[in-house]
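Report on the following structure.
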Amino acid sequence: MAYGIISPEQSFVQFTETGKIDHCIFDRLNFCLPVFQPDDVSFQFIITGTSSEINALCGVYGLPVAIGIVRACDDQDFLIEFTANPYNDVPEIYRISDTQLLVNWAHGVPGFTSLIGYNECFKIRVEIGAVQFCSNCFERTTDNCFTSVIEYGCDDNCYGFNYCGSGTTGEEEISCEPTIITFSNQSTLSIPYTASMVASYGLAPTVQVWISDGTNLVNMGITATFDAYPPTVLGFDFGGPASGIIVIK
């Protein structure tokens, strides 16, 4: 069994649809949803696989889940890979069963305006090792006069969306694992403490910083600073360029 992907039924970002619609005169049209600003798009999806395949994605050294944009699904490389430098954005990943991982992407499409011109189309692609999943079509619109950004949330899982810590849409009980964030050659770092993190880890999360000494990860006693209580941003000062992981639980 290979990795699969499930998109919430009500999500504007679909990895199981082409974005083409039937038209009574013009046959099939490629319908691209408008995007004006980089933060117009947030989405989630579920990765499916065997228990061993899901195990391979978990842990500090798990297989990475890469997210970026392409002009066409069969492009060899990303135009921009959001999950790689210089953006340093990472998805929130929760294991919701032996065979499923919930992935939340709250960072929009950072940097897309530098490569996508007005009225040009693009797609979002997810890569898990050699396996790729391509989204429906999006278009960079010239203005926001006739578009709206719809934001929504819920205290329970509903309409196909899964909110970690609020129970599941099925009968199984959800178990949210720690969020592990990898950083490389960074002196300082700021991490948004999102609503989903608050739901999972509370108003005062436990945060550990592990620094690589070239061979092992070592806890050197570096602590996070909160911008407020409850925090909206977790700040870190490593005292110089460092690589390692941050564990939020």
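Please treat every number below as a calculation from the coordinates, not as lab data. If you're wondering where the values come from, they're calculated on a predicted model, not measured in any experiment. Using ideal geometry, Cβ is built from the backbone for each residue, glycine included, and neighbour counts are taken over all protein chains shown.
Observations, loosely collected:
- Applying 1/(1 + (r/R0)^6) with r as the Cβ-Cβ distance of T215 and I6 and R0 = 30 angstrom yields a FRET efficiency of 0.15.
- What the Cβ-Cβ distance of D237 and A130 gives, at R0 = 25 Å and to the nearest 0.05, is a FRET efficiency of 0.10.
- 5 angstrom amide H check on G129, placed H, neighbours 5+ away: A66
- 3J(HN,Hα) along segment 188-201, derived from phi through the Karplus expression 6.51 cos²θ - 1.76 cosθ + 1.60 where θ = phi - 60°, amounts to 9, 7, 10, 10, x, 9, 7, 4, 5, 5, 4, 5, 8, 10 Hz, with x in place of Gly and Pro.
- Sorted ascending by nearby beta carbons within 10 Å, beginning with the fewest, L102, L217, L189 become L217, L189, L102.
- Two-site label geometry, C145 and L115: point separation in nm, points 7 Å out along Cα→Cβ: 3.1 nm
- Amide H contacts of T83 (H built 1.01 Å from N, under 5 Å, at least 5 apart or other chain): I67
- Computed E for Y229/Q37 - FRET, C-beta separation, R0 30 angstrom, nearest 0.05: 0.50
- In terms of surrounding Cβ atoms within a 10 Å radius of their Cβ, I96, I80 rank from fewest to most as I80, I96.
- Estimated at 0.36 nm per residue, the fully extended path between A56 and D74 surpasses their Cα-Cα distance by 3.9 nm.
- Here V41, V233 are placed in order of increasing Cβ neighbour count within 10 Å, fewest first, which gives V233, V41.
- Placing dummy labels 7 Å off each Cα toward the beta-carbon, the span from K249 to Q186 is 2.0 nm.
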